[in-house]
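See below for the structure under consideration.
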Amino acid sequence: MPLDDDHGRSVTGIRVSLTDRCNFDCQYCHNEGLGDTRGPMEPQDDEMTADEVIRLLDVVRAFGVETVKFTGGEPMLRDDLAEIVRRVPEEMDVSVTTNGSFLPGRAAALADAGLERVNVSQDALDREAFAELTQSGAYDTVIEGVEAALDAGLAPVKLNMVVMEPTAGYVPEMVDFVAATDGLQLQLIEYMPEIAGHPEWAIDIARVHDWLADRATRVERREMHGRRRYYVTEREEAAPPSIESAGPDAPASGEGMVEVVDPVENTDFCANCHRVRVTHDGQFKGCLNRHDDHRSTGGMTRAEIEAAFRETVANRVPFYGEYMVESEGEWVRNDRYVERVVADDD
């Protein structure tokens, strides 16, 4: 049975960072630098080995965790990614979030290893805008990577787009693109200035919801995070898609799905969060926005990893807005909340 935290949320999913290295330098990224980006290679000294990743997954699977998503940095900088995917415990759903630049030539092997889905970062359909946002000239390679994923049967491929002032103008074109392209879905991710800085880039995500509600033919709400999904149909004036492949489980032609990921100041989002994270160096983390709750698993016995996982789940906060608060235009730690948690633990 899954573990429940003190706020009634069952932990059924886990996100595992395999590296903090990346070959892109996206404007909104919260990583602290690129590190070594020469290409796929063996795990570095501060990264979990494949054996350590699988041992950790074996532990959480016993606690009812059903899904694992491998992230980074860029997880495909690990040359053992296919091995890790192949060794994931049975009955766990496996997906990867990637910038897509290494998918050409590797998507088929990952699908053969057991990968079920990919999320690909795609913030613009314009080469120049893409280059400015990512500090990368890999636009064509990423599009090829999406095509490779569709050809490998990894549909639906989810395109991740961070919505902020520099990208908001590209949203309609991206929505039309997924509506017109079989096998694609779109995730519009609210920009979080409390992580990446630049509060002037934040936009009112409610405006995006309102626009999508007018554009959509139907709307549904997911249990995970309480997210809303908007189903959109192809418009005659929409630009023709440049990707024509579709996997066996792709949505019907002419209809696309757009999902909004909006955690900022959203208590419903956190109330429906069922995930725990693992850092690239093997530390459990209860929330993306907390950095003081890490619990290491390095060199531990199985029993010690189990205890660390239990503690992580038990100490999850109800809503990160109680942990991070806005003060004079900046997001800072809410010391009163932290002090209360410490007092409760004592």
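Scanning the chain for cysteines with no neighbouring cysteine C-beta under 4.7 angstrom from their C-beta gives 22, 270, 273, 287. At 222 nm, what value in deg cm²/dmol follows for the chain if DSSP H runs of at least 4 each add -39500 (n - 2.57) and the sum is divided by all its residues, to the nearest 500? Value at 222 nm, helices only, nearest 500: -8500 deg cm²/dmol.
Calculated FRET efficiency, residue 67 to residue 255, Cβ-Cβ distance, R0 = 25 Å: about 0.50 to the nearest 0.05.
Contact order, relative form, for segment 13-271: 16 percent (alpha carbon pairs under 8 Å, 6 or more residues apart, mean separation divided by residue count). Taking the alpha carbon gyration tensor of segment 103-154, multiplying each eigenvalue by 5 and rooting it gives semi-axes of 24, 9, 8 Å, largest first.
Given an 8 Å cut-off on Cα distances and at least 6 residues of separation, report the relative contact order of segment 1-109 as a percent. Value for segment 1-109: 33 percent.
Extents of segment 92-242, largest first, come to 41, 36, 35 Å (Cα atoms, principal axes, whole angstrom).
Which whole-number percentage describes the relative contact order of segment 66-144, with Cα contacts under 8 Å and a sequence gap of 6 or more?
On the way: 98 pairs, mean separation 24.0, N = 79.
That works out to 30 percent.
Largest GNM mean-square fluctuation across 288, 103, 212, computed for the chain with C-alpha springs under 10 Å, falls on 288. A straight chain from residue 90 to residue 131 at 0.36 nm per residue would run longer than the Cα-Cα distance by 10.8 nm. Here the Debye sum runs over all C-alpha atoms of the chain as equal scatterers in vacuum, and log10 of I(q)/I(0) at q = 0.12 Å⁻¹ comes out as -0.90. From most to least packed by mean Cβ count within 10 Å, the peptides 58-68, 127-137, 150-160 give 150-160, 58-68, 127-137.
Here, each number is a calculation from the coordinates, and none is a lab measurement. Since the structure is predicted, the reported quantities are computational estimates derived from the model, not experimental observations. Neighbour counts run over all protein chains shown; Cβ positions are idealised from the backbone, glycine included.
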